[in-house]
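**Student:** Dropping a structure here in structure tokens format, bear with me for questions.
Bear in mind these aren't lab numbers, they're just calculated from the coordinates by the rules spelled out. From a predicted model like this one, the values you see are computed outputs, not experimental measurements. With ideal geometry, Cβ positions are generated from the backbone for all residues, glycine too; neighbour counts draw on all protein chains shown.
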Amino acid sequence: MGEGPDPRLIQLVMALRGAGVTDARVLGAIERTPRDLFVPEQFAGRAYEDRALPIDCGQTISQPYVVAMMTQALEVDDRCKVLEIGTGSGYQAAVLARLARRVYTIERYRTLLKEAEARFAALRLTNIVTRIGDGSKGWPEQAPFDRIIVTAAAPERPDELLKQLKDGGVAIAPVDAGEGRQALIRYRRKGDEFVEERLFDVRFVPLIKGEARAL
Ligand code: SAH
């Protein structure tokens with residue numbers, strides 16, 4: 001019954017494994033998420049290359065390797081309530097939705113959010129809750145979260161978001177590291193302390209504070 005898995009997805013997963021992604025659950029989630037649905041039509045032919053691509057509103061869908069490594073570093077399981085800042089195409093949220101109990105995702109561009117919502121519906125991902133707004137403030141009504149993932153670069157430690165993390169929870173964010181560099185930082189909450197680990201350098205669009213765009 002049904003068609004076998006798309007060979008392009010299998011190839012992408014093999015490439016990610018070769019690049020050092022080891023978590024079988026993360027690779028499985030990527031294998032079940034057709035990335036061509038998340039990119040503009042003119043880039044559909046390149047959706048399975050391991051690279052970032054442009055999406056609407058001058059934003060980007062992250063490179064699959066970065067999505068995989070961030071998801072792996074987040075240590076998500078099916079009991080987790082996850083907050084994502086920067087829905088963009090919705091691809092990262094879709095991958096997370098396969099692993100987590102529920103994903104809350106915030107985007108400041110209405111156009112991007114509407115497109116992402118249509119993709120979630122098409123893939124029957126019913127455990128994603130979306131919101132338009134300034135994600136740098138988090139989602140206080142739904143806090144606390146077991147996991148928080150920021151997919152736009154913060155200028156400094158995102159304290160407003162870390163406040164919304166459960167004790168024992170994990171957050172991942174690209175943070176400006178000076179000299180034009182951005183480092184992916186993992187924070188673990190231990191009471192009122194946040195233990196910080198620098199993972200690797202990345203390149204994300206900036207996290208923009210303030211009013212959401214009606215665009
Ligand atoms: N996770 C996305 C990649 C996002 S690119 C994906 O898988 O495709 C970063 C996104 O963060 C952009 O869409 C940008 O509009 C959004 N963004 C930037 N600042 C934001 C803010 N303060 N609140 C919410 N979204 C923001």
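**Student:** Calculate how many DSSP beta bridges within the chain are antiparallel, expressed in % of all such bridges and rounded to the nearest 5. If you can, show how the numbers build up before the last one.
**Tutor:** Values: 18 of 39 bridges.
Among the beta bridges of the chain, antiparallel pairing accounts for roughly 45 percent.
**Student:** Residue by residue through region 179-185, what is 3J(HN,Hα) from phi via Karplus (6.51 cos²θ - 1.76 cosθ + 1.60, θ = phi - 60°)? Round to whole Hz and write x for glycine and proline.
**Tutor:** Karplus values, whole Hz, x for Gly and Pro: 6, x, 9, 10, 10, 7, 10.
**Student:** If you don't mind, another one. Of Gly20, Val67, Thr33, which is farthest along the charge dipole of the chain in the positive direction, counting Lys and Arg as +1 and Asp and Glu as -1 at C-beta?
**Tutor:** So the residue furthest toward the plus end is Thr33.
**Student:** Take the alpha-carbon centre of region 152-215, take the same for region 37-102, and report the distance between them in whole Å.
**Tutor:** After rounding, the separation between the Cα centres reads 17 Å.
**Student:** Further question: Greater than 19 Å separation of Cα atoms is the criterion. Which listed pairs, Lys81/Lys163; Lys114/Lys166; Lys137/Lys163; Lys163/Lys190; Lys137/Lys209; Lys114/Lys163, meet it? Display every interim value, and only then the final one.
**Tutor:** Numbers: Lys81/Lys163 15 Å; Lys114/Lys166 29 Å; Lys137/Lys163 10 Å; Lys163/Lys190 12 Å; Lys137/Lys209 8 Å; Lys114/Lys163 28 Å.
Distance filter (> 19 Å) returns Lys114/Lys166; Lys114/Lys163.
**Student:** Here's a follow-up. What does the helix-only formula give at 222 nm for the chain: each DSSP H stretch with n ≥ 4 adding -39500 (n - 2.57), the total divided by the residues, and the result rounded to the nearest 500 deg cm²/dmol?
**Tutor:** Details: 6 runs with 55 residues, N = 215.
Per the formula, -7500 deg cm²/dmol.
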